[in-house]
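S.K.: A single structure is presented below for examination.
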Amino acid sequence: MSEASTNNPAHAPKTSLLASDARTKRRETAEKRFRMYGIAAIAVGLFFLIVLAVTIVRSGLPAFTSAVVDIEFTLTEVQFDEAEGTVFKTKAYQGFFNAALAERLQAADFDVAFDEKAIERLLGKTGGTIREFFRANPDKLGEPVSFELPASSRVDGYFKGRVTRDTLVDSRFLQVSDLDIVDAMVDAGVIKTVFNWNFVTGADTGVDNPGGAGIGASVIGSFFMMLVVLVLSLPIGVAASIYLEEFAPQNRFTDLIEVNISNLAAVPSIVFGILGLAVFIQFMHLPQSAPLVGGLVLTLMTLPTIIISTRASLKAVPPSIREAALGVGASKMQTVFHHVLPLAMPGILTGTIIGLAQALGETAPLLLIGMVGFVARGYPDGVVSGFLDPNSAMPAQIYTWAARADAGFYEKAWGGIIILLLFLLAMNILAIILRRRFERRW
């Protein structure tokens, strides 16, 4: 066969552009297989995300409810004078309350024998609460007053399934015979489940009172810390980004700074905690466990994130904006602050909010400056004390609850995670809204 006949198009194999050859079919099959891998990866990720969300909600929702004893109690002036005239005043009020509770159960046809110790195991020492109320409200003497007294943590656990008759062992906290009284009180409508506002607004308690523990004081501590982080990290981070992106010369020194900023963004957060312990507490002698120190440590951790996101926002502004401003006679400073910075502000705010959200959930730096070792028993007295007085933060409080042995604290830890996630979700939604609201497309 001659060379001419070999190169003749008439002798070439006839193929159609509409028909796929074997090589094209293999390429299309590989593409479909890769798509299936991607869909499977998304499905697995969503499955574990749903499992995590369901676990958090199922384990944390019981923390938002509590069992209370709702009873109408009337204290006469004669009983008040009698109680105030005794040596053990609280015990006298306790006796009046026990008698009222027994009368309430007998009216509901429940003949349950109980003593003062049993009531203390179920409700604690209620005499002090009743005494303080009628001392503050003497006009209520002789009138029926409704009291909602919180049940003990173990009684609350009996309602939520943590404590059962089979697993309960008689102790000074609760006995199996006490559950008969609880069941009778439930049938009489004395005990009910209500929303636990104390968990949202209250403060932490000792290790023996998980039912009275609340996360409100820790929320205030986190709020003051975030104020410190916002006031320091936003201006410092934006100013550093503007200088590096718009004014700094391109040399080895600025390249070294940029490399170190990128490296700092990947440094473990506990390293910043060690730095804060050495510099702010041991060297500068700032108060331990104070939100001011926590805010300073989290500022150091947040700055690299804000600088990187701000520089990316400045780079996203088209060069034509700068050239047009310089072309009409604006200075470099006027170009940056009057034109470039306003256009980059949505991205800057978004990066700042994301950095704050990251700082809000950090626990390791707070462990090293002592915020996990302090139990805040109340709210700060003012703004200055809010920054300088020892307090806790939401992540540190959750860690403290999770480390305690009582199952009631473990339930509180899950509830605290829900509140923390709600804050983080709100901050991320705010970042998305700001970006959508102020973003400009060229």
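S.K.: For the range 264-275, which residues satisfy the criterion of being surrounded by 10 or more Cβ atoms within 10 Å (Cβ to Cβ) and closer than 17 Å to Ala312 by Cβ?
M.R.: Leu264, Ala265
S.K.: Would you pick out the residues in the range 76-99 that are touching a residue at least 40 places away in the same chain (Cβ under 8 Å) and among the β-branched types (Val, Ile, Thr)?
M.R.: The answer is Thr76, Thr90.
S.K.: Here is a list of conditions, (1) without any contact (Cβ under 8 Å) to a residue 40 or more places away in the chain; (2) in a loop (DSSP other than H, G, I, E, B); (3) not aromatic (Phe, Trp, Tyr), and Ala102 meets all of them except one; can you say which number that is?
M.R.: Of (1) without any contact (Cβ under 8 Å) to a residue 40 or more places away in the chain; (2) in a loop (DSSP other than H, G, I, E, B); (3) not aromatic (Phe, Trp, Tyr), only one is false for Ala102: (2).
S.K.: Another question about this same structure. Please work out which residue is surrounded by the fewest Cβ atoms within 10 Å (Cβ to Cβ), limiting yourself to the range 222-262 and to residues that are small (Gly, Ala, Ser) and at pLDDT 90 or above.
M.R.: Once the filter is applied, the top-ranked residue is Ala239.
S.K.: Further question: Return only the number of the condition from (1) more than 27 Å from Gly189 (Cβ to Cβ); (2) at pLDDT below 80 that Thr86 does not satisfy.
M.R.: (2)
S.K.: Looking only at the range 165-205, how many residues end up being outside any loop (DSSP other than H, G, I, E, B), in contact (Cβ under 8 Å) with a residue 12 or more places away in the chain and under 32 Å from the mean Cα position of the chain (by Cα)?
M.R.: Count: 9.
Yes or no, residue by residue, for (1) touching an Asp or Glu at 6+ places or on another chain (Cβ under 7 Å); (2) surrounded by 15 or more Cβ atoms within 10 Å (Cβ to Cβ); (3) at pLDDT 90 or above:
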residue: Met371; (1), (2), (3): no, yes, no
residue: Ala376; (1), (2), (3): yes, yes, no
residue: Asn391; (1), (2), (3): no, yes, no
residue: Tyr410; (1), (2), (3): no, yes, no
residue: Leu421; (1), (2), (3): no, yes, yes
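S.K.: Continuing with this model, one more query. When you check Thr129 against the structure, is it among the β-branched types (Val, Ile, Thr), at negative phi and either modelled with pLDDT of 85 or more or not in a helix (DSSP H, G or I) (or both), yes or no?
M.R.: No; evaluated as a whole, the condition is false for this residue.
S.K.: Here is a follow-up. If you scan the range 44-90, which residues turn out to be among the basic types (Lys, Arg) and loosely packed, with under 14 Cβ neighbours inside 10 Å?
M.R.: Arg58
S.K.: So, one more: Could you give me the residue pairs with C-beta distances under 8 Å whose first residue belongs to the range 241-269 and is touching a residue at least 60 places away in the same chain (Cβ under 8 Å), whose second residue is outside any helix (DSSP H, G or I) wherever it lies, and which are 6+ apart or on separate chains?
M.R.: Between residues of the range 241-269 that are touching a residue at least 60 places away in the same chain (Cβ under 8 Å) and residues that are outside any helix (DSSP H, G or I), the close pairs are Ser269/Glu362.
S.K.: Is the range 347-368 home to any residue that is more than 21 Å from the chain's Cα centre (by Cα), more than 23 Å from Gly276 (Cα to Cα) and among the hydrophobic types (A, V, I, L, M, F, W, C)?
M.R.: Checking the range 347-368: at least one residue is more than 21 Å from the chain's Cα centre (by Cα), more than 23 Å from Gly276 (Cα to Cα) and among the hydrophobic types (A, V, I, L, M, F, W, C).
S.K.: For the range 236-327, please list each of the helices (runs of 4 or more DSSP H) lying entirely inside it that holds at least 1 residues being under 33 Å from the mean Cα position of the chain (by Cα).
M.R.: So the answer is 252-265, 269-276, 291-316.
The values are calculated or read from the model by the stated rules, or taken from the named source; none is laboratory data. Source: prediction; values computed, not measured. Cβ atoms come from the backbone with ideal geometry, glycine included; neighbour counts cover every protein chain shown.
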